[in-house]
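One structure below.
Quick note: the coordinates plus some simple rules give every number you see, no bench work behind them. A quick note: this is a predicted structure, and the numbers were derived from the prediction, not measured. FYI the Cβ positions are ideal-geometry reconstructions off the backbone, even for glycines, and counts take in every protein chain you see.
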Number of protein chains: 4
Amino acid sequence: MVSEKRLYTLTLSCPDRTGIVAAVTSFIANLGGWITDASQHGDFSDHHFFMRVQILASSLKMEVDEFRQRFSDMALEFDMDWKITDSAKKKRVVILVSKQDHCLYDLLYRYRSQEFEFEVAGVISNHENLRSFVEWHNIPYHYLPINKENKQQKYTEIVKLFEDYKADVMVLARYMQVLSPEVCARFPKQIINIHHSFLPSFVGAKPYHQAFERGVKMIGATCHYVTDELDGGPIIEQDVNRVDHSCSLEEMIRLGKDIEKNVLSKGLRYHIEDRILVHGNKTIVFD
Amino acid sequence: MVSEKRLYTLTLSCPDRTGIVAAVTSFIANLGGWITDASQHGDFSDHHFFMRVQILASSLKMEVDEFRQRFSDMALEFDMDWKITDSAKKKRVVILVSKQDHCLYDLLYRYRSQEFEFEVAGVISNHENLRSFVEWHNIPYHYLPINKENKQQKYTEIVKLFEDYKADVMVLARYMQVLSPEVCARFPKQIINIHHSFLPSFVGAKPYHQAFERGVKMIGATCHYVTDELDGGPIIEQDVNRVDHSCSLEEMIRLGKDIEKNVLSKGLRYHIEDRILVHGNKTIVFD
Amino acid sequence: MVSEKRLYTLTLSCPDRTGIVAAVTSFIANLGGWITDASQHGDFSDHHFFMRVQILASSLKMEVDEFRQRFSDMALEFDMDWKITDSAKKKRVVILVSKQDHCLYDLLYRYRSQEFEFEVAGVISNHENLRSFVEWHNIPYHYLPINKENKQQKYTEIVKLFEDYKADVMVLARYMQVLSPEVCARFPKQIINIHHSFLPSFVGAKPYHQAFERGVKMIGATCHYVTDELDGGPIIEQDVNRVDHSCSLEEMIRLGKDIEKNVLSKGLRYHIEDRILVHGNKTIVFD
Amino acid sequence: MVSEKRLYTLTLSCPDRTGIVAAVTSFIANLGGWITDASQHGDFSDHHFFMRVQILASSLKMEVDEFRQRFSDMALEFDMDWKITDSAKKKRVVILVSKQDHCLYDLLYRYRSQEFEFEVAGVISNHENLRSFVEWHNIPYHYLPINKENKQQKYTEIVKLFEDYKADVMVLARYMQVLSPEVCARFPKQIINIHHSFLPSFVGAKPYHQAFERGVKMIGATCHYVTDELDGGPIIEQDVNRVDHSCSLEEMIRLGKDIEKNVLSKGLRYHIEDRILVHGNKTIVFD
């Protein structure tokens, strides 16, 4: 649900040691900052620390840029990897989609109803079939058909569109093309995919077929950041649904759609609200 | 899972204002305290603040009693309701049970396997049937049969046993007697009950019969603190399981047992680990 | 998922006795009927029997009308309440909606993508805001604003629209008006409502507010047939989602929407596919 | 829940064709048999049919042996793979266990409380630590320590014990030894294992460690029949539980125990009640 109040969200990670929370929260308190939400996590295995703080913008006695400047000294002292974002500046999303439309339809509903704060800058598809629906929402639709010959060129066009749109995140909403390693490397932690299995089971093509063959009693979906390893990036969110012997492959696919929609929209919301910190190949999600 | 390390757990609540987290964590940091886990929550509706901090005992430069003394000044300033507990001092539990034994059996397993830190000081029952099993675990068993005439007297005996055992918490593990208002009032936030329905549905007797009659598609269980309102105290934990028309009342009862066991043991663990703060008739559970 | 094959669906209930399944399946086998799916249920408490059989239309040596005629003799013998439907004749749905659009949006997606077999004949609303979206789907939109004075007249118009459309089922997709007892009585087992709580908890208005106040740890939604008892009709489907103290009322409402959508669409599909038999105030759902 | 009534359970599978249900149910009806529960399933991919029928023993006009004899003619005609069991003859279970005791403890509770109908004939372990608890339940305990040298000899002893006990099913309740291919082949569909992951993810040793490393957001457990492929046999039942970044490996293991217990006991009950039919490497479970 979109908050009516303007918020700053500070996220940081650094080597763990005594006094980090005290330093960060004292810094904020000294500037009059009202913390509306705070979460932290210490990873015991490699002694790393993670934190997310939401500050009511109106309570801070300065602009976010000045905050940023002042905070950088402390960040240096603690060797922090950090950023601060402003809810007044909505994140921009580019959605890539193929023929399957359930995730797109679901995301556009959440966009239209302002379920959380984001702009859909544009939709890119290798098919024409969803143009009318997307344009009804006043969103530009880009038809980029891909084949073996034009792949590299089309990927370049996708990168250009993404950068021209000044987009923050690319969502693969059942996009049936595998992005090139170059694209993946160019936008680390910025490309979100929905895979229609409970990873790491059933990597790659036709996961419902694989699940059906194996006779599993639950099917699932996984939302993850895209890396150059196929379906191997950091997992953001997963969910499952019960199936049984009476479930045909077609019914699995139908049931799976509802899981995919929910898991992808949750994952995207976590990203948009700066709730995700990536550590190695794992995520910390402050939900 | 029982931690091998000795921990202090500080829980507090107070009117919300700027700087509470900063003050608390700075106080701890200045004493060298290593925070292994921290959670906080601000209730926007009535501007109240809640916090739980776990401190590695060996990192503090003083005994817990000295910490307590020093902290009380700040607590006064912020008008805090607070306490600090020491994991080296295991909480003591008295279990009340009737004929149904699934929750007792489950709790004793978790006790015996040290799944979390607690002592079962004794078991009180209005039946004799579970004596042998309880005594096999080297736990004292008290047979206190209750009828209309001796009710008040038996309640007095229960209170006496509880206080003689210096117990911290009383668990009603499917105890089929309603405690008197006096007992409830004497031990606020210290008596935990498992009710075999998804409260507030099906308050009172025979909830599975009520659920069966209403034709619900899920049954549940609720762990809550006992107050003088029947099944009306603050809810700690709930869970449900799917049922359908083919489920007889007997099968509902069987399925329900597994939910009851899990919900009760979770609720007890939250209590034992000082994860629950009560606010009005609601709980904050830092799980 | 829409089957490409034409199916007849026979549903029946009757007093339980030896030989019902044998009689029904022998009758079908003697006519060459290939049973693609069959389910039965015996209610032990009042000795009533329920059955649903799907027959491949092309395997039967006669039209459905002739089958109907022949079957009626046996039905009489067993004192059956029965019907047979033909998947070639799609059921027609009229959707009633107010300002909240998440359930409508979801149902129209499932309609448009032919997730299961139904026609949306028309949408009726007491607000104008959803006209453009509905009409984009080529579905007629009827604006019937309701106030205290014109209530009865508008109900009459709703009934007329429903009957003019020759609709089979009326779906209250978060329709914020309570239908009159006359309308409820006129279409028994034909009006489906989604209530945004885990019934029987939180009957009536503002169930999320009630849930928030009570401090429950899970929220839910219930799909049920409408009777003249408010939120008291036979329950078709329910589901829940976990919440905790950090969930504001607004977040509960947001989380609840996803449950409502899934529960309502499941309930409607069960109705459309003749999977529901009503017995007293309970449902048998052959899913 | 143990039924007080004696029941015969007929399970069968055969090539699918018109009239199987009619033939089977007519056969039973002609002998006066009262069917208390019936389920069937047709596998469309390879046209195979599966059925399970429960008959009230007292309603049949003959002993089960005579029924068996008469039924065999029809079974031949339909090329059925079939059997009929008698609830008066309790199935006998041998449990194999190592040091971890949560599944054993849980199964013995369900046995002692007669949650469903089975006898625990004996417990075999490669450790001594659980002897006292098992013997408290009046169950024989066999200590068979296994090392590289004596493996084959110990497997032979296990086979001998199983056969001497005239046991029906062997349960690997977190038994940390891999049975030899000979033992697996000797008792097809008679050995049930609980694997502590959501198969096919994390086959083999230390699945929680694997899950922790991969950063999954849910962990699970799988109950399956043992074949000579490690963790590759037909899946009977699965379940999962949500975890997040704050879950240490130790907490995962603790949470996992509750899933393992529930999944294993469900799987065993399905087996005991003849609810499972195996088809290729998949199961049909009539639950």
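Using amide H atoms built in the peptide plane, which far-off residues or other-chain residues are under 5 Å from B:Thr227 H to H?
Here the answer is B:Gly232, B:Gly233, since their amide H atoms fall under 5 Å of that of B:Thr227.
Let me check against my output: what whole-number percent is the relative contact order of chain C, with C-alpha pairs under 8 Å and at least 6 apart?
Relative contact order comes out at 15 percent.
Would you tell me which residue of chain B has the beta carbon closest to the rotation axis bringing chain B onto chain D, and how many whole Å away it is?
Of all Cβ atoms in chain B, the one nearest the axis gives B:Trp136, 3.
How big is the Rg/Rh ratio for segment B:51-164, C-alpha atoms only, Rh by Kirkwood, two decimals?
Radius of gyration over Kirkwood radius for segment B:51-164 works out to 1.12.
Any idea what % of Cα-Cα pairs in the protein assembly as shown are farther than 59 Å?
On the way: 93193 of 658378 pairs.
Of all Cα-Cα pairs in the protein assembly as shown, 14 percent lie more than 59 Å apart.
I'd like the orientation of helix B:102-112 relative to chain B: the angle between its Cα long axis and the longest Cα principal axis, in ° from 0 to 90, rounded to 10.
Once rounded, one gets 40 degrees.
Take peptide A:225-235, look around each residue's Cβ out to 10 angstrom, count Cβ atoms belonging to other protein chains, and average those counts.
Working: counts 0, 0, 0, 0, 0, 0, 0, 1, 0, 2, 5.
Across the residues of A:225-235, the mean count of other-chain Cβ atoms within 10 Å is 1.
Can you find, among A:Thr18, A:Val93, A:Phe78, the residue farthest towards the positive end of the dipole of segment A:10-97? Put +1 on the C-beta of Lys and Arg, -1 on that of Asp and Glu.
So the residue furthest toward the plus end is A:Val93.
Taking chain D as a Gaussian network, where each spring joins two C-alpha atoms under 10 Å apart, which residue of D:Ile235, D:Ile253, D:Ile192 fluctuates the most?
D:Ile253
Work out the mean other chain Cβ neighbour count within 10 Å for the residues of A:193-203 and drop it here as an integer.
Shielding by partners across A:193-203 averages 3.
Report, for A:Gln69, each distance to the same residue's label point in the other copies, shortest first and in nm; define the point 7 Å along Cα→Cβ.
Here A:Gln69 shows inter-copy label distances of 4.8, 9.3, 10.2 nm.
HN-Hα J couplings of segment A:128-143 from phi, Karplus 6.51/-1.76/1.60, θ = phi - 60°, integer Hz, Gly and Pro as x?
Once rounded to whole Hz, the list reads 9, 5, 9, 4, 4, 5, 5, 5, 4, 8, 6, 10, x, 10, 10, 8.
Averaged over D:26-32, how many beta carbons belonging to a partner chain fall within 10 Å of each residue's beta carbon?
4
Show the residues, 5+ positions off or on another chain, whose built amide H is closer than 5 Å to the amide H of A:Lys91.
For A:Lys91, whose amide H was placed from the backbone, the distant partners under 5 Å are A:Glu119.
Relative to the Cα centre, what is the charge dipole magnitude of chain C, using +1 at the beta carbon of each Lys and Arg, -1 at the beta carbon of each Asp and Glu, and rounding to the nearest 20 debye?
Computed charge dipole of chain C: roughly 460 debye.
Quick one: dipole size for segment A:52-178, taken about the Cα centre, charges +1 on Lys/Arg Cβ and -1 on Asp/Glu Cβ, in debye to the nearest 20.
400 debye
Among B:Cys184, B:Cys103, B:Cys223, whose mean-square fluctuation peaks in a Gaussian network model of chain B (Cα, cutoff 10 Å)?
Result for chain B, Cα springs under 10 Å: B:Cys184 fluctuates most.
Quick one: among D:Thr85, D:Thr222, D:Thr36, which has the greatest mean-square fluctuation in a GNM of chain D with alpha-carbon springs under 10 angstrom?
D:Thr36
Which parts of segment D:67-108 would a label at D:Arg17 reach, counting a residue when its backbone N lies under 15 Å from a point 7 Å out along Cα-to-Cβ?
Label zone hits: D:73-81.
If you take the square roots of the eigenvalues of the alpha-carbon gyration tensor of chain C and sort them as a ≥ b ≥ c, do you get rounded (a/c under 1.5), prolate (a/b over b/c) or oblate? Walk me through the numbers on the way to the answer.
Details: a/c = 1.96, a/b = 1.56, b/c = 1.25.
It comes out prolate by the Cα gyration axes.
For A:Pro140, what is the net charge nearby, where nearby means another residue's Cβ is under 13 Å from its Cβ and Lys, Arg count +1, Asp, Glu -1?
Charge balance near A:Pro140 sits at -1.
Compute the label-point distances linking D:Glu229 to its equivalents in the other copies; points lie 7 Å from Cα along Cα→Cβ; give nm, one decimal, shortest first.
In nanometres, ordered from closest: 2.4, 5.3, 5.7.
Counting other Cβ atoms within 10 Å, keep those with at most 14, restrict to DSSP loop, and tell me which GluC sites (Glu not before Pro) in segment C:45-148 are left.
Loop-located and lightly packed - C:Glu63, C:Glu128.
Can you pull the one-decimal nm distance between simple spin-label points at D:Glu66 and B:Gln210, each 7 Å off the Cα toward Cβ?
The two pseudo-label positions are separated by 5.1 nm.
Compute the label-point distances linking A:Glu4 to its equivalents in the other copies; points lie 7 Å from Cα along Cα→Cβ; give nm, one decimal, shortest first.
Spacings between copies for this position, smallest first, are 5.4, 5.5, 6.2 nm.
Could you pull out every residue, at least 5 positions away or on a different chain, whose amide H is within less than 5 Å of the one on D:Ile124? Hs are placed 1.01 Å off N in the peptide plane, and Pro or chain starts have none.
Those qualifying (amide H under 5 Å, at least 5 residues apart or on another chain) are D:Ile95, D:Leu96, D:Val97, D:His142.
How would segment D:1-96 be classified by its alpha-carbon gyration tensor: rounded, prolate or oblate, with rounded meaning a/c under 1.5 and the a/b versus b/c comparison settling the rest?
oblate
Quick check: net charge around B:Lys189, other residues with Cβ under 12 Å of its Cβ, Lys/Arg +1 and Asp/Glu -1?
Numbers: positive: B:Lys83, B:Arg186; negative: B:Asp81, B:Asp168, B:Asp274.
Value of the local net charge: -1.
Suppose R0 equals 45 Å; then what is the FRET efficiency for D:Leu249 and C:Asn138 from their Cβ-Cβ distance, rounded to the nearest 0.05?
Efficiency for this residue pair is about 0.20.
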